[in-house]
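Chemist: First the structure, which I've put down as structure tokens, then a few questions once you've had a look.
The values are calculated or read from the model by the stated rules, or taken from the named source; none is laboratory data. Bear in mind that the values here come from a model prediction, so they are computed numbers and not experimental data. Because the Cβ atoms are built from the backbone with ideal geometry, glycine has one as well, and the counts that use them run over all protein chains shown. Surface areas here come from the heavy atoms of the whole protein model, side chains and all, with no ligands, DNA or RNA. Shrake-Rupley method; radii C 1.70, N 1.55, O 1.52, S 1.80 Å.
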Amino acid sequence: ERLLQEHLPWGVSAVQAPSVWDEGYTGSGVKVCVIDSGIDADHADFVIGNLEGVNINNVAWYEDACGHGTHVSGTIAAKDDNKGVVGVAPDATIMTMRVFTGVNPSTGQC
């Protein structure tokens, strides 16, 4: 398996997250609720122990209907492991509430 070097997204740099990481603020002890399309809980950029969720409308929070919730959650808390991407607060816990169940047939969007 080829491992890629970790990527620091533009937005993470723009909010100056690395400077607060150096001060010890990495999101540890913080819980962020993402109300979206769910989350791909098996995605390599997440720490399983830092994911929680609530099933709404009988759909699993740990599955993503279209990828948007996973993207948003990764921007917030993708783990800092020298591969993939890193989020603004890599040690934060994500609380997922999946409210979008799939692609809207009339708009083609999630």
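Chemist: Percent of accessible area on the chain owned by carbon and sulfur, 1.4 Å probe?
Modeler: That share works out to 52 percent.
Chemist: Ignoring everything except DSSP H segments at least 4 long, calculate the 222 nm mean residue ellipticity for the chain; use -39,500 (n - 2.57) per segment, divide by total residues, nearest 500.
Modeler: Only helices count here, giving -4500 deg cm²/dmol.
Chemist: Here's something else I'd like to know. Sorted by packing (mean other beta-carbon atoms within 10 Å per residue), highest first, where do 67-76, 7-16 land?
Modeler: 67-76, 7-16
Chemist: Using r as the Cβ-Cβ distance of Q16 and D81, and R0 as 30 Å, what FRET efficiency do you calculate, to the nearest 0.05?
Modeler: The computed FRET efficiency comes out at 0.90.
Chemist: Working from Cα positions, state the angle (0 to 90°, nearest 10) between the long axis of helix 68-77 and the longest principal axis of the chain.
Modeler: 20 degrees
Chemist: Still on this model: Nearest 20 debye, what's the magnitude of the dipole of the chain about its Cα centre given +1 on Lys and Arg Cβ and -1 on Asp and Glu Cβ?
Modeler: Charge dipole, the chain, about its Cα centre: 240 debye, nearest 20.
Chemist: Return the unpartnered cysteines for the chain, using a Cβ-Cβ cut-off of under 4.7 Å.
Modeler: Lacking a cysteine Cβ partner under 4.7 Å: C33.
Chemist: Treat every Asp and Glu Cβ in segment 1-51 as -1 and every Lys and Arg Cβ as +1, leave all other atoms uncharged, and give the resulting dipole magnitude about the Cα centre to the nearest 20 debye.
Modeler: Dipole of segment 1-51, to the nearest 20 debye: 100 debye.
Chemist: Which residue, chosen from V99, V30, Q16, occupies the Cα position most advanced towards the positive end of the dipole of segment 11-110, where the dipole is computed from +1 (Lys, Arg) and -1 (Asp, Glu) charges on Cβ about the Cα centre?
Modeler: The residue sitting farthest along the positive end of the dipole is V99.
Chemist: Report the calculated FRET efficiency for S106 and N57 (r = Cβ-Cβ distance, R0 = 22 Å), to the nearest 0.05.
Modeler: According to the calculation, E is roughly 0.75.
Chemist: Given a Förster distance of 30 angstrom, what is the FRET efficiency for V99 paired with E6, based on the Cβ-Cβ distance and rounded to 0.05?
Modeler: 0.45
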